[in-house]
1. Among the residues of region A:100-110, is there at least one that is more than 16 Å from ligand 1 (Cβ to nearest atom) and in a loop (DSSP other than H, G, I, E, B)?
2. Looking only at region A:171-185, count how many residues are closer than 20 Å to A:Met103 by Cα and either surrounded by fewer than 15 Cβ atoms within 10 Å (Cβ to Cβ) or within 11 Å of ligand 2 (Cβ to nearest atom) (or both).
3. Of all residues in region B:91-135, which are surrounded by 17 or more Cβ atoms within 10 Å (Cβ to Cβ), of a type in the set (Gly, Ala, Ser) and in a loop (DSSP other than H, G, I, E, B)?
4. If the requirement is being closer than 16 Å to B:Tyr118 by Cβ, more than 11 Å from ligand 1 (Cβ to nearest atom) and either crowded, with 24+ Cβ neighbours inside 10 Å or over 18 Å from the mean Cα position of the chain (by Cα) (or both), which of these qualifies: B:Leu142, B:Leu195?
5. Looking at region A:151-180, I want the residues that are away from ligand 1 (no atom under 16 Å from the Cβ) and have a partner that is of a type in the set (D, E, K, R) and assigned to a helix (DSSP H, G or I) with Cβ atoms under 6 Å, at least 6 apart or on another chain. Which pairs are those?
6. Does at least one position in region B:125-141 carry a residue that is small (Gly, Ala, Ser), touching a residue at least 60 places away in the same chain (Cβ under 8 Å) and under 28 Å from B:Asp7 (Cβ atoms)?
7. Among the residues of region B:43-83 satisfying the criterion of being assigned to a loop (DSSP other than H, G, I, E, B) and within 14 Å of ligand 1 (Cβ to nearest atom), which is nearest to B:Met253 (Cα to Cα)?
Amino acid sequence: MWEYTDKVREHFINPKNVGEIADASCVGEVGSLACGDALKLFLKVDENDRIVDAKFQTFGCASAIASSSALTEMIKGKTVDEAMDVSNQDIAEFLGGLPKEKMHCSVMGKEALEAAVANLRGLPMAPHEEGEVVCECFGVTDTTIRKAIAENNLKTVEEITDFTKAGGGCGKCLDKLADLLAESKGGLKPLQPVAPARPTGLTNLQRMKLISKIIDEEISPSLQKDGGNIELVDVDGKTVLVQLRGACSSCKSSQLTLKQFVEKRLRDAVDPDLVVEEVR
Amino acid sequence: MPVIYMDNNATTKVDPAVLEEMLPYFSEQYGNPSSMHMFGGMVGRKLSEARERVAASFGCQPGEIIFNACGTEGDNTAIRSALASQPDKRHIITTRVEHPAVLNLVKHLERKGYEATYLGVDEQGRLDLEELRDAIRHDTALISVMFANNETGVIFPIKEIAEIAKERGVLMHTDAVQVLGKVPFDLKDIPVDFLAVSGHKVHAPKGVGAMFVRKGVQFRPFMMGGHQEHGRRAGTENTTGIIGLGKACELAMGNVTHENTVVRALRDKLEKKLIEAVPDTRINGVVDSRLPNTTSLAFQFVEGESILLMLDAFGVCASSGSACTSGSLEPSHVLRAMGVPFTYAHGSIRFSLSRFNTEADVDLVVAELPKIIHRLREISPFKRTEGEAPACTC
Ligand SMILES: Cc1ncc(COP(=O)(O)O)c(C=O)c1O
Ligand code: FES
C-alpha cells in the first residue's frame, strides 16, 4: 500500500478540472495506455497570454490523477511564462509530497504542460519527444532523462527510474542510464550517437538476406524476451511483410512495436525507405 | 466500516477453530517437543497429530511431510534439493507464470550457471504439454510447475505433467500454495516428488508451511543444525503454527465441497454481474479450469491502483495485476506472459473469496464497482471508440 498524503487522496477522490475544453487554445498529450499512464492537458489562453482555464483527462494511478488535478489548479490564472516556471517538484510539494517511486507522475504533469505550450507556440515537436530514445520499454529519451537529473538533482539510477520510469522494464537500458548519470556529474563525455554503418547500393537479394539476418539475430530475440516473436514473410521491393507471434500478436501496442522498433531498426541498418507491414 | 475481504489468495483470516487449537501452546503448553521430559513430549505428540492431519489431507504418509516457515521455503528447498542431489544435471524446466518464490530463484540459479527453460502459456493461461515434452533434456534435473496460479486461478494439469516427468525420469516439484483447501488432490494419484504449501493461505497463521517429499526421493536439507524434522529441517519447531496448520488442513478437507459449491457460486455471481454491468470487461484465464474462489477481471481503459483505492473507500480489499500497485512499472508477469493487451492488463483486478465471504459482500461490490469504473473512465483520455493509443515505444 502506498503512503499517500491526505492532499493526494483528496485530489484523487475529487479531482479538480476533469474533462475537455471544446475550444482549447492548445492541448498537450504525454504517455500512453501501454505505459500505464497518460495525461491529456487542455489549456484556454487569453490574448494576454494568461491561462484562463485548464482541464485534464488522465489514465493512471491515484498519484497520476492527483498530480494532474494539482497541476491544473496551480497554473490556472498564471501567464504561460509563469506557468512554465512550475516544476515537477512544485507539483509534488503542492500535494504534500509523493512517494519517491511515484515521482514520475509529477514529471508527467510537467511534460504535459510543456507539450501544451509547445502546441500553443506552434512548435513542431513537444520538448520531451526530442532526443534519442534511451529506454525502449517506456519510450524515454535522453533529453527527458538529462533534464530530470538536472532539475531534481538525481544521484542514482534508481532515482532516474522513480522520476522518469526509464529502466523500470526489461532493464537493458540501465547501463546507458548510468552513463547519463556519470556524464551529468562531469565524469564522462556525452554519449556518442554511433552513426550506423549503412550499406549502400544493395541488390534485391542482398537486401533480403540482410533484412532476414537482422530480424533473426536482433529483433526476434528481443521480442522473445517479452513473450512475443516476429517472422519475416516476404520482401516486396521496399516493403517488408512480417507476422507477429505470441504476446505481440494480441498486444494493442504491437503497431507501435512494428513501426518504432522493427521499422526503425531495419531502416537504420538496411535502407531508410523501407516500410514494414504486418500480414494477418 | 466493516471490511469486505476478497483478497484470500494474498492471505487469509485464521479460522477461529484453528486459533482455539493453537492457544494453549502459546501459554501453558510451551514445552520444546525435542525435550526428554513429559512436558515437552506432550507438545511433540501434538505435532505428530498435526503431521497426520496434513498427511491425510495430501493423501501421503506423515513421514513424507516436513514442516517449515512458508511456501517460499518449500519451493526453495525442493528446487535446491533436486539440484544438489543430481550434481551432473544442470537444467531446470519451469513456467513463465510461477510465483516469484520459484521464478526469482530459478533466475538466480541461471546466474550461477544453471540453464532454465520457461514454458509459455497461451492467452487463456494454459500450458502446452507438447512444449514441455520437447523441453526435457538428458540433463534436466527438475520440472517445477505450479498447481494453480495465484493471479488468475488457472489450474495446471499437474497429474499429467507429473506423469510425463516420471516417465522421463525427471524429478517434479509443484507449488500447491493456492490449491490446498480449494481443490481436492491426492498424492497417491499424482506422482510428484515434491510439493509445497503455506499456512496463511488456508486459514492458518503466517510463518508456517509444509512440504511433501516423496519417500525414496533423495533430499538435501536447506537448513542445517539440530535434528528437528529428522534432520531435514533444523530449527526448533514453530509449534503453535504447525498445530494451527494441522487443524486448518483438517478443516480444509471438510470444507472443500463448500468451496466448490457455495464459494464458487459467490465468485460466479460476482463475475457475471460485473461483466454484465461494466462494458469492455473480460476475464483473465481459462474459465472452466480455475480455482473456485478466484476471478481476475480486466477493465479496459482504467488503471488498477485507482480502482483498488476507490474500492478501499468502501472497505473492499482486492488486489491488482497492474504495475502501479506492486512497485514495479510493468503489469504483472503473469498477464504479460498470457499476452493480455496492455489496455486490459493495467486495469486488472483480482478478487479471491473464502468461506468467510457472504452474499452481501458480493452485492456491495456489484453495486459499487461499476460506478467506480464509470468514474475513472470519465477521467481517462482513452475512450472505447478512439482506438489506438498515442505513440509510445513501450
Ligand atoms: C503460488 C504461490 N507460491 C508461493 C507463495 C509464497 O508463499 P509464502 O508467502 O508462504 O512464502 C505464494 C504466496 O503469495 C503463492 O501464491
Ligand atoms: S529499455 Fe529501459 S527498461 Fe527496457
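1. Of all residues in region A:100-110, those more than 16 Å from ligand 1 (Cβ to nearest atom) come to A:100-110.
Right, trim to in a loop (DSSP other than H, G, I, E, B) and you get none.
No, region A:100-110 contains no residue that is more than 16 Å from ligand 1 (Cβ to nearest atom) and in a loop (DSSP other than H, G, I, E, B).
2. Number of matching residues: 4.
3. B:Gly120, B:Gly125
4. Answer to the check: B:Leu142.
5. A:Asp162/A:Lys100; A:Asp162/A:Glu101
6. Our first condition is that a residue be small (Gly, Ala, Ser); within region B:125-141, this holds for B:125, B:135, B:141.
Now restrict to residues that are touching a residue at least 60 places away in the same chain (Cβ under 8 Å): B:125.
Remaining after also requiring under 28 Å from B:Asp7 (Cβ atoms): B:125.
Yes, region B:125-141 contains at least one residue that is small (Gly, Ala, Ser), touching a residue at least 60 places away in the same chain (Cβ under 8 Å) and under 28 Å from B:Asp7 (Cβ atoms).
7. Only one residue fits best here, namely B:Cys70.
Residues are listed down the side, and each one gets a yes or a no for (1) on the phi > 0 side of the Ramachandran plot; (2) touching a His at 6+ places or on another chain (Cβ under 8 Å):
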| residue | (1), (2) |
| --- | --- |
| B:Val3 | no, no |
| B:Asp15 | no, yes |
| B:Ser35 | no, no |
| B:Arg51 | no, no |
| B:Gly59 | yes, no |
| B:Asn68 | no, no |
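The values are calculated or read from the model by the stated rules, or taken from the named source; none is laboratory data. Computed from a prediction, not measured in an experiment: that's the story for all the values here. All Cβ positions, glycine included, derive from the backbone under ideal geometry; neighbour counts span all protein chains shown.
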